[in-house]
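Colleague: My structure is below; once you've seen it, I'll send some questions.
The values are calculated or read from the model by the stated rules, or taken from the named source; none is laboratory data. Since this is a predicted model, take the numbers as computed values, not measurements. Positions of Cβ are generated from backbone atoms using ideal geometry, with glycine treated the same way; all protein chains shown enter the neighbour counts. Each accessible area value is taken on the protein alone, full model and side chains, heavy atoms only, with ligands, DNA and RNA left out. Shrake-Rupley method; radii C 1.70, N 1.55, O 1.52, S 1.80 Å.
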Amino acid sequence: MHKPRRDDRSLAHRAPAAPAQGLTFRIPAAGADVVLVGYFSAKQKDFETVMASAATALAAHGAQVVARIVQRRGVSAGGAGKMGLPDSSRTLLSYGKVREVARRCEETDAAAVVFTTPLTGRRRRTLTDMLGRPATSISDVLPAR
């Protein structure tokens, strides 16, 4: 006869892992090369200022930004029609942009990729696997103020 599944086991199996609090990403070494990636809506006009301030903050913490890549969402006519759709749950960026970031990382031999937007654990793992180097958000690199 088949045994019924224990309630506590099924709930534990389905419960999402709690996010690690207080863990910050450390830049691999002082003077490490990083690629800075920004993801912005077409409505956000000051994206260049955000990218510049992120690069300055990273430089203050010992990183050297060797490339800056921006993904703008909703700029083209086709993209504006897709603004109502959710972001990619796996990569945040389009696959073409992920390939561009990977190519730039290979060209510059960057140690890590830093995003201006927060990354979920799933996005962080997926991007790290796809890019072959650590992918993290700037909020994980810089200490809270």
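Colleague: Within the stretch 31-64, take every residue that is farther than 18 Å from Lys97 by Cα and among the β-branched types (Val, Ile, Thr) and give me the one that is surrounded by the most Cβ atoms within 10 Å (Cβ to Cβ).
Modeller: Val50
Colleague: Can you say whether Thr49 is hydroxyl-bearing (Ser, Thr, Tyr), modelled with pLDDT of 90 or more and either touching a helix residue (DSSP H, G or I) at 6+ places or on another chain (Cβ under 6 Å) or not in a loop (DSSP other than H, G, I, E, B) (or both), as far as the supplied structure shows? Steps first, please.
Modeller: Numbers: hydroxyl-bearing (Ser, Thr, Tyr): yes; modelled with pLDDT of 90 or more: yes; either touching a helix residue (DSSP H, G or I) at 6+ places or on another chain (Cβ under 6 Å) or not in a loop (DSSP other than H, G, I, E, B) (or both): yes.
Spelling it out, Thr49 is indeed hydroxyl-bearing (Ser, Thr, Tyr), modelled with pLDDT of 90 or more and either touching a helix residue (DSSP H, G or I) at 6+ places or on another chain (Cβ under 6 Å) or not in a loop (DSSP other than H, G, I, E, B) (or both).
Colleague: Can I ask one more? Within 15 Å of Asp33 (Cα to Cα) and at pLDDT 90 or above: does that describe Pro118? First the steps, then the outcome.
Modeller: Details: within 15 Å of Asp33 (Cα to Cα): no; at pLDDT 90 or above: yes.
In short, no.
Colleague: Separate question: Of all residues in the stretch 100-117, how many are buried (at least 17 other Cβ atoms within 10 Å of the Cβ) and among the basic types (Lys, Arg)?
Modeller: Qualifying residue count, the stretch 100-117: 1.
Colleague: Let me ask you something else. Just to be sure I understand the filter: pairs with C-beta atoms under 7 Å, separated by 6 or more residues or on different chains, first member in the stretch 111-128 and in contact (Cβ under 8 Å) with a residue 12 or more places away in the chain, second member in a strand (DSSP E or B) and open to solvent by 40 Å² or more (accessible area, probe 1.4 Å). Which pairs pass?
Modeller: Qualifying pairs under 7 Å: Ala111/Asp33.
Colleague: Sticking with this structure for a sec: Restricting to the stretch 118-132, give me the number of residues that are in a loop (DSSP other than H, G, I, E, B) and either touching an Asp or Glu at 6+ places or on another chain (Cβ under 9 Å) or open to solvent by less than 30 Å² (accessible area, probe 1.4 Å) (or both).
Modeller: Within the stretch 118-132, the subset in a loop (DSSP other than H, G, I, E, B) is 118-120, 132.
Going one step further and asking which of them are either touching an Asp or Glu at 6+ places or on another chain (Cβ under 9 Å) or open to solvent by less than 30 Å² (accessible area, probe 1.4 Å) (or both), we end up with 118-119, 132.
The total comes to 3.
Colleague: Restricting the stretch 66-88 to residues that are open to solvent by less than 50 Å² (accessible area, probe 1.4 Å) and under 15 Å from Ser137 (Cβ atoms), which is modelled with the lowest pLDDT?
Modeller: Looking at the filtered set, the residue picked out is Gln71.
Colleague: While we're looking at this one, here's another question. Within the stretch 89-99, track down each residue that is surrounded by 16 or more Cβ atoms within 10 Å (Cβ to Cβ) and in contact with a Leu (Cβ under 9 Å, 6 or more places away or on another chain).
Modeller: Kept after step one, since they are surrounded by 16 or more Cβ atoms within 10 Å (Cβ to Cβ), are these residues of the stretch 89-99: 91-93, 97-98.
Correct list: Thr91, Leu92, Leu93, Val98.
Colleague: Of all residues in the stretch 133-145, which are modelled with pLDDT of 90 or more and open to solvent by 70 Å² or more (accessible area, probe 1.4 Å)?
Modeller: Quick first cut of the stretch 133-145, residues modelled with pLDDT of 90 or more only: 133-138.
Matches in the stretch 133-145: none.
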